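The values are calculated or read from the model by the stated rules, or taken from the named source; none is laboratory data. Just so it is clear, the model here is predicted, and its values are computed rather than measured. Note that each Cβ is placed from the backbone with ideal geometry, even for glycine, and that neighbours are counted across all protein chains shown. Surface areas here come from the heavy atoms of the whole protein model, side chains and all, with no ligands, DNA or RNA. Shrake-Rupley method; radii C 1.70, N 1.55, O 1.52, S 1.80 Å.
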Amino acid sequence: MPIIEIPPQGKDVSMTIHLPEETATDVKLYARFLKATHPSAPSAIITECVRRTLKQDAEFQTWKSDPANTKTNRGGVRPRKTAPSSPPQSNKPDSGAKTV
């Protein structure tokens, strides 16, 4: 049984991507393997692969669950795995320093 099955069509949004030639060839061959002859088969295969991969990424799913990261098209800031532990620096000059 194939790992990827082409799901029913929903609302599509256009997005341009560039794939390495070998990957594009494999996607086309996978469509032939599924006996999917409709023109949108490669797009459906890529969609399903991406959907499954993102669903399995627990760190991404946690990040995505924060409304601050999804309320705009710009998204949020990805949390750092190791935050620097330096104290905050002030932009004010030292009281004894002279400005030239």
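Where only protein heavy atoms count, and the probe is 1.4 Å, what is the accessible area per residue for the stretch 11-64 in Å²? Kindly include the intermediate steps, with their values, before the conclusion.
Numbers: 4620 Å² over 54 residues.
With the other protein chains kept in place, the stretch 11-64 gives 86 Å² per residue.
Measure up LYS11/LYS64; LYS35/LYS55; LYS28/LYS64; LYS35/LYS71 against 29 Å on the Cα-Cα distance and list the ones that go over. Mind dumping the intermediate values first?
On the way: LYS11/LYS64 21 Å; LYS35/LYS55 26 Å; LYS28/LYS64 31 Å; LYS35/LYS71 39 Å.
The answer is LYS28/LYS64; LYS35/LYS71.
Would you work out what percent of the accessible area of the stretch 1-68, with all protein chains in place, is carbon or sulfur (probe 1.4 Å)? Walk me through the numbers on the way to the answer.
Working: 3490 of 5800 Å².
Taking all protein chains in place, the stretch 1-68 shows 60 percent carbon and sulfur surface.
Leaving ligands, DNA and RNA out of it, rank LEU34, LEU19 by accessible area with a 1.4 Å probe, largest first. Spell out each step's value before the answer.
On the way: LEU34 45, LEU19 75 Å².
Ranked list, largest accessible area first: LEU19, LEU34.
Quick one: if you stick a label point 7 Å off each Cα along the C-beta vector at GLU22 and GLU5, how many nm between them?
So the two model labels end up 3.1 nm from each other.
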